[in-house]
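What follows is calculated from the coordinates using simple rules that are stated; it is not laboratory data. These numbers come from a predicted model, not from an experiment. Every residue, glycine as well, gets a Cβ built from its backbone with ideal geometry; the counts of neighbours run over all protein chains shown.
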Amino acid sequence: MEDGKIVNLYWERDPNAIKHTAKKYGRYCTSIAFNILGNVQDAEECVSDTWLSAWNAMPVHRPQVLSAFLGKIARNHAFNRYRQNHADKRGGNEIPAILDELSECLPTACRVEQETEYKELLQTINSFLETLPPKRRSIFVCRYWYSDSIGNIARQHGMRENSVSMTLCRIRAKLQDYLKERGFMV
Amino acid sequence: MTKEQFYEMIGNISDNYIIEAKEICKKKPVRSFPAAAAAVLAVCLCITGTTVLAEAEILKGFFKDIRRWNGAVIGSTYEQATEEVEVQTYVSDGLLFAELQFLAPDEFPYREFDSFGIRSYEITDEQGKTVMAEKKANMNILSGSLVTIPVFPDPLPVGSYTLHIYELVGSSKVDQPLTLHGNWECNFIVE
């Protein structure tokens with residue numbers, strides 16, 4: 001079923017909306033959650049929470065791109081679950097490594113609680129991504145948005161694992177410079 | 001900002017990039033295939049039975065003098081570079097781009113280059129017919145050990161092609177450009 005029709009079902013409060021969403025995006029959202037949690041059961045629970053959040057969000061929200069909208073919800077649920085699990089010292093697939101990598105280019109001067117600063121930083125990250133060639137941008141997004149493993153990214157992009165690691169390392173260094181130039185780093 | 005908050009923020013990047021990454025991952029990856037190098041290695045292993053380590057030494061690139069008719073050396077080229085540079089292709093809006101990456105960026109001559117590019121290439125279609133062949137230096141400034149080159153300025157018609165690269169070229173501020181010979185092949189699809 002087309003995305004527009006699925007969104008209409010949500011707006012009509014038709015419970016079939018969830019059935020069609022699960023059929024079309026179940027695997028996609030499960031893989032996002034699994035990359036973060038490394039546990040099938042936890043990932044499936046996050047995906048169920050995702051359908052509930054989507055049901056609560058539509059209406060009022062009408063997503064432009066349904067896959068990205070659902071993916072973002074699944075990612076948030078999975079990361080919240082990761083934090084709970086992490087407090088109990090369990091679980092976590094790629095996340096510990098990803099967080100360590102991100103700490104290399106952390107915008108230390110940004111206060112997330114200030115909405116304007118948050119929006120400005122988000123816009124800066126988007127404009128940084130725009131400067132990258134599509135393939136390198138895809139590698140960055142696969143690692144830090146989809147939380148994919150290096151091995152998986154290498155397979156999907158026809159590269160060697162150490163080339164992917166090197167590429168990511170260079171992108172992080174470039175991002176660090178980009179943020180520094182724009183005053184987001186102390 | 002903590003690293004967790006930063007990770008959460010990346011979760012809110014533009015939808016376009018999320019979709020784009022998914023699309024790129026769906027496509028069949030293309031990878032350089034150092035055909036000549038593989039053939040040389042196979043032949044060497046069959047005939048001489050020497051160790052892989054020794055073959056790796058044989059496949060290493062080397063400099064060759066360019067001599068005038070009277071024997072005077074007027075320059076040099078770098079031979080057998082196939083295994084030292086990885087070539088990958090991607091197609092964006094019908095335009096072909098090649099990403100060239102040094103596999104030994106800290107070694108000579110690669111560590112000396114500021115710019116790098118393609119000097120001689122050929123594009124063939126599925127039937128092996130030449131669609132495009134050019135022998136002209138097309139270079140870009142290196143970003144670390146990687147450079148992206150727009151191979152051909154016009155969009156190619158829809159189809160499946162192979163890019164054959166025969167010569168690469170590197171330059172540094174102080175030296176004249178150095179031509180590197182090898183054989184790189186990449187399949188790509190224009191959709």
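Values computed for the structure shown
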item	result
Partner lysines for B:Lys3 [C-alpha distance under 24 Å; skip if fewer than 8 residues away on the same chain]	A:Lys72, A:Lys89, A:Lys119, A:Lys174, A:Lys180
Expected 222 nm ellipticity per residue - DSSP helices of 4 or more, -39500 (n - 2.57), all of the protein assembly as shown, to 500	-15000 deg cm²/dmol
Dipole magnitude of the range A:36-186, debye to nearest 20 (Cβ charges: Lys/Arg +1, Asp/Glu -1, about Cα centre)	420
Length-normalised contact order for chain A - Cα pairs under 8 Å, 6+ apart - percent	22
Cα-centred dipole magnitude for the range B:100-191, charges only on beta-carbon of K, R (+1) and D, E (-1), debye, nearest 20	220
Among beta bridges that DSSP assigns inside the protein assembly as shown, antiparallel share in %, nearest 5	95
For B:Thr130, A:Thr167, B:Thr148, order by how many other beta-carbon atoms lie within 10 Å, fewest first	B:Thr130, B:Thr148, A:Thr167
Whichever lysines have a C-alpha closer than 16 Å to that of A:Lys5, once near sequence neighbours (fewer than 8 apart) are set aside	A:Lys19, A:Lys23, A:Lys24
³J(HN,Hα) computed for each position of the range B:16-24 - Karplus, 6.51 cos²θ - 1.76 cosθ + 1.60, integer Hz, glycine/proline x	4, 6, 5, 5, 4, 4, 5, 5, 4
FRET efficiency estimate (nearest 0.05) - Cβ-Cβ, A:Ala22 to B:Asn187, R0 35 angstrom	0.45
Net charge of neighbours whose Cβ lies under 12 Å from the Cβ of B:Asn138, counting Lys and Arg as +1 and Asp and Glu as -1	+1
Pairwise label distance in nanometres, B:Lys173 with B:Ser115, each label 7 Å out on the Cα-Cβ vector	1.4
Amide proton proximity set for B:Gly75, modelled H, under 5 Å, gap of 5+	B:Ile66
At R0 = 45 Å, FRET efficiency that the Cβ-Cβ distance of A:Met1 and A:Arg155 yields, to 0.05	0.90
Simple spin-label estimate for B:Asp106 and B:Ala72 in nanometres, 7 Å along Cα-Cβ	4.0
Neighbourhood net charge (9 Å Cβ-Cβ; Lys/Arg +1, Asp/Glu -1) for A:Val65	-2
Modelled FRET efficiency - R0 35 Å, B:Leu95 with B:Lys3, Cβ distances, 0.05 increments	0.40
Exposure proxy ranking, count of Cβ atoms within 10 Å, fewest first, for A:Lys5, B:Lys60, B:Lys22	A:Lys5, B:Lys60, B:Lys22
Stretch in chain A that is longest and holds no GluC sites (Glu not before Pro) that DSSP places in a loop and that have at most 14 other beta carbons within 10 Å	A:13-112
Label-point separation in nm, B:Val131 to A:Gln176, each point 7 Å along Cα→Cβ	4.1
